[in-house]
Structure formats: structure tokens, C-alpha cells
Amino acid sequence: WPVAARPPVWFSMEDEKLSIIDHLEELRIRLLTCIIVVFLLFPLGYWLSQPAIDWLLVTFTPPDLKLHTFAMHELFFLRMKLGFGMAVAGAFPVVAWQVWRFVAPGLYEHERHYMSRFVFVSTFLFVLGAAFALFAVYPLVLRFFIGMQMESERVAGTWGLANFVGMGTILMLGFGLMFQLPVVVYLLAVTEIVSLEAMRKARPVIVVVVFLLS
């Protein structure tokens, strides 16, 4: 298509103009699909939560460190939260695919060509970020806080199981999402939402923002 003759971004692949209601209906269907997939994966995530907790304890806790629960229901709700987090992580490829299917009709042909790799690359970066958080950042965080606690002779620390597991889960999900930044920047560039020249000019600000987020 010549530049002047390109269809507006709200045209679908079949070049049919969609109304706002049509877009909202499609968005609702995409969101429901993601929620259903997470719901279906939740029983498996809950079943795997206890082996995951045991693996974390064996792998990352010092031999002399004992973790405690402070309520009868704490372990149950901890497994619920961990199972939900594992279900969300397992459903990430489906979520990425639904995002791609929702965005794709509004793109030009060359933009759809670039974004066709979105699902694979995004899933790979999420797994890479979660693995980096678990095996590189999490042990450093644990050693830092345990060492700080041992420096105090007058304060005896009581470590909770929920805090121990929750810290690892938050780090994995957080790093998995932050590792999507290359995909976001790539999509902004290929769709020309933000020009490369604007990105170059904003580089000092972006560096500061990334530093603060880190």
C-alpha cells in the first residue's frame, strides 16, 4: 500500500471497519479465554505447590535455618497463592497469543510479519527472567537478609515460610515481566509508535527510569 492509501489502524485483516462495541466484545472474549486457561491450570499448580515448596527449602535454605508458620491455615493459603502464580506462569504463552490476536488486526502487513514472533520470544524472555530471578537474584537476597539478621546479637529472627516462598514468587514474576522490555521496545519501533530518533533522545531519561525500577 502507498503511504497515503494505507487503511486506518482499526481495519481488520479483512479490511472491515470494526466498531467500538466490536473491539470491546473481542477484548472481553480474549480476557475470558485467559481467565479460563488460568482457572484450568490452577488445580495442577496447587498440586505442584507442595513439591515446589519442598524444593525451595532443600535448595536455598541453610541447614540451620528453620522456617515457621504462624497460623493453622497459613500453609493452605500459601499453597493457594503459589498454585495461582504457577497457573499464571503456565498460561503465559496463551496470554501472549491472545494479546497478539487482539492487536494483529489493527496492524499493517509488514508489522504483522514482525509481530508474528511475539509469542515465542515473549515466552522465552519470561522464562529467562524467572530463571534469572530464582537462581541468581533469590540466593543473593536470602544471604543478604540472613547475614543482616546474624549481625544483631540482641534480635532473634523468626523466619516465616510464607515470606520465604512469597519473596521467591514475587521475584520470579517481577523479573519475568521486566524481561518483556525488549519486546515492548521492539514493537514500539516496528509499529513506529515511537521513532528511533525519539528513543535516542530519551535515552538518558530511560536509563534513569530503568535504574529506579531496578
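Miscellaneous remarks
- Over region 70-210, the alpha carbon radius of gyration divided by the compact-protein estimate 2.2 N^0.38 Å works out to 1.39.
- In terms of accessible area, using a 1.4 Å probe and ignoring ligands and nucleic acids, Trp100, Trp47 rank largest first as Trp47, Trp100.
- Note: relative contact order over the chain, using C-alpha pairs below 8 Å and six or more positions apart, is 25 percent.
- Per residue accessible area of region 136-214, 1.4 Å probe, in Å²: 72 Å²
- Per residue, region 35-119 exposes an accessible area of 63 Å² to a 1.4 Å probe, with every protein chain left in place.
- Karplus-derived HN-Hα couplings along region 34-49 (A = 6.51, B = -1.76, C = 1.60, θ = phi - 60°), whole Hz, x at Gly and Pro: 5, 5, 5, 5, 4, 4, 5, 7, 4, x, 5, x, 5, 5, 7, 5
- For Trp159, distant residues with modelled amide H under 5 Å away: His68
- Between Phe124, Phe144, Phe92, the Gaussian network model of the chain with springs among Cα atoms under 10 angstrom shows the greatest mean-square fluctuation at Phe144.
- Per residue, the chain reaches -23000 deg cm²/dmol at 222 nm when only DSSP H runs of four or more residues are counted, each adding -39500 (n - 2.57).
- The C-alpha atoms of the chain define a longest principal axis, and helix 203-213 lies at about 40 degrees to it.
- Residues Leu196 and Leu31, FRET efficiency given R0 of 30 Å [Cβ-Cβ distance, rounded to 0.05]: 0.40
- What a 1.4 Å probe finds exposed on the chain is 73% carbon and sulfur by accessible area, rounded to a whole percent.
The values are calculated or read from the model by the stated rules, or taken from the named source; none is laboratory data. A quick note: this is a predicted structure, and the numbers were derived from the prediction, not measured. Every residue, glycine among them, receives a Cβ derived from its backbone with ideal geometry; neighbour counts consider all protein chains shown. Just the protein is used for accessible areas: all its heavy atoms, side chains included, with ligands, DNA and RNA removed. Shrake-Rupley method; radii C 1.70, N 1.55, O 1.52, S 1.80 Å.
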